[in-house]
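Just so it is clear, none of the values below were taken in a lab; they were calculated from the coordinates. Everything numeric in this text was worked out from a predicted model, so none of it was measured. Positions of Cβ are generated from backbone atoms using ideal geometry, with glycine treated the same way; all protein chains shown enter the neighbour counts.
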Amino acid sequence: MELTLNLGFGQIVNLLGQLPANQIAKIKNEFTEYDIAEKAKVEISDFQRFILSGPVMSEEQYTDFNLKRQHLNLWRTY
């Protein structure tokens with residue numbers, strides 16, 4: 001026999017809030033063992049993939065960029 005429930009996040013939080021403190025601590029420890037934070041770090045969104053696959057400046061281009069920025073900053077102060 002299988003039972004499926006469609007509960008929203010708020011409903012789950014409400015149900016967990018009704019548990020005794022020792023059971024809440026057990027649930028918290030159980031989820032901590034799964035390293036939920038690590039799983040979240042591994043998941044990369046499409047936008048993050050897009051940004052990470054973008055062009056990167058070479059060291060020479062970066063030096064040139066900084067030089068031009070210095071010149072622009074001097075020009076703005078006059």
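In the chain, if the dipole is taken from +1 on Lys/Arg beta carbons and -1 on Asp/Glu beta carbons about the Cα centre, which of G10, N29, N73 is farthest to the positive end?
Positive-end residue among those listed: N73.
Report the semi-axes of the equivalent ellipsoid for region 11-77 in whole Å, largest first, where each axis is √(5λ) for an eigenvalue λ of the Cα gyration tensor.
Values: eigenvalues 525, 55, 26 Å².
Over the Cα atoms of region 11-77, the ellipsoid semi-axes are 51, 17, 11 Å.
Tell me the label-point distance for the pair Y62, N22, using the 7 Å Cα-to-Cβ offset, in nm and rounded to one decimal.
If labels sit at Y62 and N22, their model points lie 5.6 nm apart.
Work out, step by step, the length gained on full extension between F9 and I51: first 0.36 nm times the residue separation, then minus their alpha carbon distance; give nm to one decimal. Display every interim value, and only then the final one.
Values: separation 42, 0.36 × 42 = 15.12 nm, distance 3.03 nm.
Once the chain is fully extended between F9 and I51, it gains 12.1 nm.
Which residue, L15, L67, L52, has the most motion in a Gaussian network model of the chain that connects Cα atoms within less than 10 Å?
Result: L67 has the largest fluctuation of those listed.
Can you tell which of E43, E60, E30 shows the greatest fluctuation in a Gaussian network model of the chain with Cα springs below 10 Å?
Ranking E43, E60, E30 by mean-square fluctuation puts E60 first.
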